[in-house]
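Have a look at the structure below, then the notes.
The values are calculated or read from the model by the stated rules, or taken from the named source; none is laboratory data. Worth saying up front: this structure is predicted, and the values here are computed from it rather than measured. Neighbour counts are summed over all protein chains in view; Cβ atoms, including those assigned to glycine, are modelled from backbone coordinates with ideal geometry. With ligands, DNA and RNA removed, areas are computed over all heavy atoms of the protein, side chains included. Shrake-Rupley method; radii C 1.70, N 1.55, O 1.52, S 1.80 Å.
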Amino acid sequence: MTSPRTIVITGASDGIGAVAARALAGPEVNLVVVGRSAQKLAPVAADTGATALTADFADLEQVRSLAQQIRDEVGAIDVLLNNAGGTFAPRLRTAQGHEPNFGINHLAPFLLTNLLQDRLAAAQGALVLNTSSGGNLLGHVDLDDVDYRRRRAFETRAYGTSKLMNILFTRGIAQRWADDGIVSAAVHPGPVATSFGRDSWFIGLVFRTPLRHIAAITPDQGAAPLIALAKRGADPEINGVYFDRHRANGRENRQAHDPKLIEGLWTASADLVGLA
């Protein structure tokens, strides 16, 4: 009898994360779901039998606490689906003073994944799946100012940069952790009509109007590529690959394969979260 697969999904309280949790749940899966709101997460946990944990990714101390709670729950992780995030007004700041698109969309999953690295390695074949976006094409990573301390942060550029960072982080994992049996991929789920823009005035305005039905797909449609890749698991053929929905090698920012940026972003991020 094979042991259950352990799947951890962040951003699972609604939208594509909740859809993915319900689709991946089953008697053969030990499921851990993570969300910012315990109240919103409760129905997902009830429907799936998952362990529900809460954390606000705008506070890295909560991310550290979350990592410890996950470590207390599981001995090995087969799939870590880094799905939490959104698009945020750059004038806001996280608990640690970071620009929020950078802090929430990149630094928080970077920290969580690193703190769970040994649990991923223990699976002897694990997948880290990072939810990115076609918005990566609008991004630009400046290693001398990753946190917009000197540059002006426009919302679409800041969001796109964080999604580009998701791809660079994916390739950093692929390069650094392959010998531990850890595979990583990034995926653009498509323009999904969810609450991802709730903290953004501009995106939130669009997604609170009927325009969202013209520009966006449903959460079920958006979750489909995440579900397919999670079921595929630690396939070496997808290591370091960016998927545009189900299509491998989607359109990427020209910075996405730059080895100096892949290494430099990892080093800068590790320094900022105290892992250096």
Practice item. Filter region 1-55 for residues that are assigned to a helix (DSSP H, G or I), within 17 Å of Ile227 (Cβ to Cβ) and open to solvent by 40 Å² or more (accessible area, probe 1.4 Å) and give the result. Key: Arg22, Ala23, Asp47
Review point. In region 226-259, what count of residues is obtained for those that are out of contact with any strand residue (DSSP E or B) (no Cβ under 8 Å at 6 or more places or on another chain) and either surrounded by 14 or more Cβ atoms within 10 Å (Cβ to Cβ) or in contact (Cβ under 8 Å) with a residue 60 or more places away in the chain (or both)?
Key: 7
Check your understanding: Does Ala158 satisfy being among the small types (Gly, Ala, Ser), under 23 Å from Val273 (Cα atoms), open to solvent by less than 10 Å² (accessible area, probe 1.4 Å) and touching a residue at least 12 places away in the same chain (Cβ under 8 Å)?
Key -> yes
Review point. Based on what the data block shows, is Asp72 over 21 Å from Asn114 (Cβ atoms), of a type in the set (Asp, Glu) and outside any loop (DSSP other than H, G, I, E, B)?
Key: no
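Return yes or no: is Asp199 open to solvent by 10 Å² or more (accessible area, probe 1.4 Å), of a type in the set (Asp, Glu) and modelled with pLDDT of 95 or more?
When the stated conditions are applied, Asp199 does not pass them.
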Review point. Pairs, please: C-beta under 8 Å, at least 6 apart or cross-chain, first residue under 16 Å from Val128 (Cβ atoms) and in region 87-111, second crowded, with 24+ Cβ neighbours inside 10 Å and among the charged types (D, E, K, R)?
Key: Asn105/Lys163
Check your understanding: Could you say whether any residue in region 142-150 is farther than 30 Å from Asp235 by Cα, surrounded by 16 or more Cβ atoms within 10 Å (Cβ to Cβ) and of a type in the set (D, E, K, R)?
Key -> yes
Review point. For Ile214, which of the numbered conditions (1) of a type in the set (A, V, I, L, M); (2) modelled with pLDDT of 95 or more; (3) surrounded by fewer than 16 Cβ atoms within 10 Å (Cβ to Cβ) fails to hold?
Key: (2)
Study note, to complete from the structure: Sole miss for Gln124 among (1) on the phi > 0 side of the Ramachandran plot; (2) surrounded by 24 or more Cβ atoms within 10 Å (Cβ to Cβ) is condition (2)
Revision key, fill the gap. Per the list (1) more than 19 Å from the chain's Cα centre (by Cα); (2) at pLDDT 95 or above, residue check on Ile167 breaks on (1)
Study note, to complete from the structure: Reported set for region 158-177 where residues are in contact with a strand residue (DSSP E or B) (Cβ under 9 Å, 6 or more places away or on another chain) and over 12 Å from His140 (Cα atoms) is Asn166, Ile167, Phe169, Thr170, Arg171, Gly172, Ile173, Ala174, Arg176, Trp177
**Study point:** Matching helices (runs of 4 or more DSSP H) fully within region 87-184 where at least 2 residues are more than 17 Å from Leu265 (Cβ to Cβ) and touching a helix residue (DSSP H, G or I) at 6+ places or on another chain (Cβ under 8 Å)
**Key:** 117-122, 155-176
